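Please treat every number below as a calculation from the coordinates, not as lab data. If you're wondering where the values come from, they're calculated on a predicted model, not measured in any experiment. Neighbour counts are summed over all protein chains in view; Cβ atoms, including those assigned to glycine, are modelled from backbone coordinates with ideal geometry.
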Amino acid sequence: MAVVRYLVDDVDRAVEFYTTKLGFSLSERWGKPFAMVAFGDTTLWLSGPESSAARPMPDGRKPIPGGWNRLVVEVPDLEARVGAMKRDGITFRNDIVSGPGGKQILVEDGCGNVVELFQPA
């Protein structure tokens with residue numbers, strides 16, 4: 001089994017985003033610092049600032065949300081999903097772009113992490 005871990009600054013906000021905007025379901029909740037959400041055979045671990053995953057590294061660096069690595073979620077109608085999310089005030093990093101494999105856009109989860117919404121060609 002493989003899972004994806006995202007560091008988030010607010011587990012409640014992250015759970016709300018993934019369950020209401022992307023169709024994930026809440027699998028487990030371990031108090032304030034941690035939750036698991038699932039979509040098909042993908043499980044996403046949402047680790048808050050109080051979780052063990054957010055502890056500083058030996059050199060002092062602190063794990064934080066953000067960056068450009070991302071979870072990719074396939075959607076059947078990208079324009080419709082983007083329109084609905086924009087009406088809800090969700091933040092996007094770019095506009096829809098097209099390539100040989102399909103169309104994509106980058107959306108932020110409210111905690112600084114990016115998710116790619118992808119519609120195959």
task: Rounded to the nearest Å, what's the spacing between the alpha carbon centres of region 18-49 and region 51-86? Just the number, please.
output: 12
message: Can you give me the angle between helix 78-87 and the longest principal axis of the chain, using Cα atoms only, in degrees from 0 to 90, rounded to the nearest 10?
response: 60
query: Helix 11-20 versus the longest principal axis of the chain: what is the Cα-based angle in degrees, 0 to 90, to the nearest 10?
result: 30
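Counting only other residues whose beta carbon sits under 13 Å from that of Lys32, what net charge do I get with K and R as +1, D and E as -1?
Values: positive: Arg13, Arg29; negative: Asp9, Asp10, Asp12, Glu50.
Result for the neighbourhood of Lys32: -2.
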task: Report the charge-dipole magnitude of region 11-121 in Debye, nearest 20, computed about the Cα centre from +1 at each Lys and Arg Cβ and -1 at each Asp and Glu Cβ.
output: 280
- prompt: Using modelled amide H (1.01 Å from N, peptide plane; none on Pro or chain starts), what sits under 5 Å from the amide H of Thr91, excluding residues fewer than 5 places away?
  reply: Glu108
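Based on other C-beta atoms within 10 Å, arrange Asp10, Asp41, Asp109 from fewest to most.
On the way: Asp10 17, Asp41 7, Asp109 25.
The fewest-first ordering by Cβ neighbours comes to Asp41, Asp10, Asp109.
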statement: Listed by chain and number, the residues whose amide H is under 5 Å from that of Gly102, excluding neighbours fewer than 5 places away on the same chain and using placed H, are Ala121
query: Three principal axis extents, largest first, for the C-alpha atoms of region 65-121, in Å?
result: 30, 25, 16
- prompt: Computed from these coordinates, which is P(r) over Cα pairs in 10 Å bins from 0, in percent: [x] 14, 45, 33, 7, 1; [y] 13, 44, 32, 10, 1; [z] 12, 40, 36, 11, 0?
  reply: [y]
field: Proximal aspartates and glutamates relative to Lys103, as straight alpha-carbon distance under 19 Å, when same-chain residues fewer than 8 apart are discounted
entry: Glu74, Asp77, Glu79, Asp95, Glu116
